[in-house]
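> Just dropping this structure here.
Laboratory data are not the source of any read-out in this text; all were calculated from the coordinates shown. Keep in mind that this is a model prediction, so the values were computed, not measured. Methodologically, a virtual Cβ is constructed for each residue, glycine included, from the backbone with ideal geometry; neighbour enumeration extends over all protein chains shown.
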Amino acid sequence: MNICQSPATRVDNDRVAGTMEDICIETSFRLYLNNEFIYELIASPSQLEELGAGHVICEGLASSVSGVQVSGDEIRVYAETPEEKCTTESSESSVTIEKDYISEVVDSLVSEIWKRTGGVHCSVLFSDGRQIARSEDIGRHNTVDKVVGHAILNNIDLSACVLGCSGRQPAMMVSKAANTGIPIVISRSAATDKGIRTADLAGVTLICFARGNRCTVYTHPDRIMLNQGLRGL
């Protein structure tokens with residue numbers, strides 16, 4: 001469970017009242033890769049196998065995962081590691097999406113936990129027009145790790161997936177998608193200059209400010225099928 005309750009005092013204009021508030025749980029986990037301690041992760045206490053598997057792939061620490069064990073506050077990932085840390089590579093996926101598909105992905109980011117607490121981010125993973133993974137966490141980075149981890153543990157082809165995120169897209173977020181081969185990232189929030197540059201160099205289609213029927217496409221618009229082309233941009 002990602003939520004607990006805390007006593008609080010609510011102030012509304014001149015009204016002051018005691019209340020019990022829904023609060024997000026924040027937990028620290030020790031991440032091990034092939035029994036070597038890597039570092040601590042701060043995350044919501046759910047989908048921990050997915051968190052471990054996805055994190056080592058998204059961060060370029062491993063090229064494949066053979067297993068994950070969770071015990072208490074320890075997440076142990078067993079994986080094939082490259083000689084050097086993986087770097088962001090160019091996506092060559094042929095995946096394309098219709099414009100209306102963007103709204104469908106963004107609509108799926110509505111989070112009941114966020115409505116109750118205001119304290120979580122959400123990521124979703126779509127493939128072949130359907131949602132295959134979803135994560136809510138106090139950290140936007142963790143949500144991506146968890147949905148990617150689900151795909152890794154279930155042998156889902158990430159190069160055929162679309163990633164939806166509630167959080168902003170700086171370079172470190174975009175590189176997670178690039179390192180896993182995800183070709184399209186859709187976010188409700190903003191991008192940064194380095195996030196856009198990372199997406200451009202990696203061949204990732206980066207779509208931000210996706211709200212209602214509006215969005216801003218920063219890179220590789222050729223993957224979006226429109227009646228009025230973005231193809232000449």
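> Given points 7 Å out from each Cα along the Cα-Cβ axis, report the ASN154 to ILE25 separation in nanometres with one decimal.
The modelled label-to-label distance comes out at 2.3 nm.
> Evaluate 2.2 N^0.38 Å with N set to the residue count of region 42-188, then give the Cα radius of gyration divided by it.
So the Cα radius of gyration is 0.99 times the expected 2.2 N^0.38 Å.
> Per residue of the chain, what 222 nm ellipticity follows from adding -39500 (n - 2.57) for every DSSP H run with n ≥ 4, rounded to the nearest 500?
Helix contribution divided over all residues of the chain: -7500 deg cm²/dmol.
> When a footprinting reagent is the concern and you count Cβ atoms within 10 Å, what order do LYS99, LYS115, LYS146 take, fewest first?
LYS115, LYS99, LYS146
> Please arrange ASP222, ASP137 by counting, for each residue, the other beta carbons lying within 10 Å of its beta carbon, fewest first.
Exposure proxy ranking, most exposed first: ASP222, ASP137.
> Now for a separate question. Normalising by the residue count of the chain, find the relative contact order in percent from Cα pairs under 8 Å and 6+ residues apart.
17 percent
> Take every DSSP beta bridge whose two residues both sit in region 97-225, then give the antiparallel share in percent to the nearest 5.
The antiparallel fraction comes to roughly 60 percent.
> Just rank THR143, THR219, THR81, THR19, fewest to most, by other beta-carbon atoms within 10 angstrom.
Sorted ascending by nearby Cβ count, the order is THR19, THR81, THR219, THR143.
> Calculate, for LEU201 and ILE132, the FRET efficiency according to 1/(1 + (r/R0)^6) with r their C-beta to C-beta distance and R0 30 Å; round to the nearest 0.05.
0.65
> Positive end of the dipole of the chain, charges at C-beta (+1 Lys, Arg; -1 Asp, Glu), about the Cα centre: which of THR9, PRO170, GLN131 has its Cα farthest in that direction?
THR9
> Normalising by the residue count of region 97-225, find the relative contact order in percent from Cα pairs under 8 Å and 6+ residues apart.
21 percent
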